Structure formats: C-alpha cells, structure tokens
1. Tell me yes or no: at least one residue of the range 83-92 is over 15 Å from the mean Cα position of the chain (by Cα), more than 27 Å from Thr121 (Cα to Cα) and of a type in the set (Ser, Thr, Tyr).
2. For the range 43-62, which residues satisfy the criterion of being among the small types (Gly, Ala, Ser) and more than 21 Å from Asp25 (Cα to Cα)?
3. Name the residue, out of Ala62, Ala39, that is outside any helix (DSSP H, G or I) and under 13 Å from the mean Cα position of the chain (by Cα).
4. Does Ile108 qualify as being assigned to a helix (DSSP H, G or I) and surrounded by fewer than 11 Cβ atoms within 10 Å (Cβ to Cβ)?
5. Just to check your reading of the model, which residue among Leu96, Leu69, Leu79, Leu75 is more than 20 Å from Ala42 (Cα to Cα) and within 11 Å of the chain's Cα centre (by Cα)?
6. Among the small types (Gly, Ala, Ser), modelled with pLDDT of 90 or more and surrounded by 14 or more Cβ atoms within 10 Å (Cβ to Cβ): does that describe Ser36?
7. I'm trying to understand the selection: among the residues of the range 1-26, which are more than 20 Å from Glu98 (Cα to Cα) and modelled with pLDDT of 90 or more?
8. Go through the range 65-94 and count every residue that is touching a residue at least 24 places away in the same chain (Cβ under 8 Å), more than 16 Å from Leu14 (Cα to Cα) and crowded, with 19+ Cβ neighbours inside 10 Å.
Amino acid sequence: MTPSHPRALLLHGLGASPADLDVLDRALRAAGWETSAPALLAHDGRPAAPRYALDDYAAEFAATGPWDLVIGHSLGGCLATIRGAQSRRWAARMLLIEPVWRIRPEHIASVAAGQRADLDTSEADLAA
C-alpha cells in the first residue's frame, strides 16, 4: 500500500536535537508531508550508547524507509550518506546540509576542543 502523503526523514547534527530542524519539519508538514525527526544516539534525552561509530548511528535507520526525502544536517547528513549507500531504495532523494564526511587530521584537535566546550555550556548560557 502506498502512503497518501510523501514521507520525509529529518536527521539532526552532533550535539543538536530534532528541534533544530523544526522549521523544516513544520514547512514540510504544511505542504502535506508526513515527517519523522528522531533523536540520534545519546541526544535529546536518549541514554548513552555503547559505541558511537558512524555505522552504529546509521544502523538505527536501516529498518526505516523507504523515504521520499531524507534531510540530514552535519552528522545527520553523514549518516544519510552511509545509509543511502547501503540501500539505494532507502531514500528517493536527499538534501544534505553541511554534511561531515571527513575531518582533516590537522583539524581534529580543534573540533574536539569545540565539542568539549559545548558540553560545558550552562543552561543559563543556552537560554541567553
């Protein structure tokens, strides 16, 4: 049975949540799309995962689909790429926003430092 509405999967980035894609989610729904915007491993209240390999993140979406559209931001774009390469039928089309496919070795230390700094952000700082 074919769904009556096109289906879209929205995948957020590292350190983000489904709420970060809310503008896209609302726009798609207003245009008649059925959307799903799950939280990635250890994000948005999900417990810690035993591993954080990209294949582990992508495996969570193996049983989903097919999707008419997958929108992935940052890490979500990388995961969409991995999953799409594993199954051409998983997504009819993808929109990748700043996908992270590779971090150059000379940038790893600064990226890691930025991620650690984000972990130290207080609730008050975030609210401001």
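1. yes
2. In the first step, residues of the range 43-62 are kept if they are among the small types (Gly, Ala, Ser); the result is 45, 48-49, 53, 58-59, 62.
Once the filter is applied, which keeps residues that are among the small types (Gly, Ala, Ser) and more than 21 Å from Asp25 (Cα to Cα), the range 43-62 yields Ala48, Ala49, Ala53, Ala59, Ala62.
3. Details: Ala62 fails: under 13 Å from the mean Cα position of the chain (by Cα).
Exactly one of Ala62, Ala39 is outside any helix (DSSP H, G or I) and under 13 Å from the mean Cα position of the chain (by Cα), namely Ala39.
4. On the way: assigned to a helix (DSSP H, G or I): yes; surrounded by fewer than 11 Cβ atoms within 10 Å (Cβ to Cβ): yes.
Judged against the criteria, Ile108 is a match.
5. Values: Leu69 fails: within 11 Å of the chain's Cα centre (by Cα); Leu79 fails: more than 20 Å from Ala42 (Cα to Cα); Leu75 fails: more than 20 Å from Ala42 (Cα to Cα).
Only one candidate qualifies: Leu96.
6. Working: among the small types (Gly, Ala, Ser): yes; modelled with pLDDT of 90 or more: yes; surrounded by 14 or more Cβ atoms within 10 Å (Cβ to Cβ): yes.
Considered against the rule, which asks whether it is among the small types (Gly, Ala, Ser), modelled with pLDDT of 90 or more and surrounded by 14 or more Cβ atoms within 10 Å (Cβ to Cβ), Ser36 comes out as yes.
7. First, pick out the residues of the range 1-26 that are more than 20 Å from Glu98 (Cα to Cα): 1-7, 26.
Correct list: His5, Pro6, Arg7, Arg26.
8. Qualifying residue count for the region: 6.
The values are calculated or read from the model by the stated rules, or taken from the named source; none is laboratory data. Predicted, not measured: the structure shown is a model, and the values here were computed from it. Please note: Cβ atoms are built from the backbone with ideal geometry, for glycine as well, and neighbour counts cover all protein chains shown.
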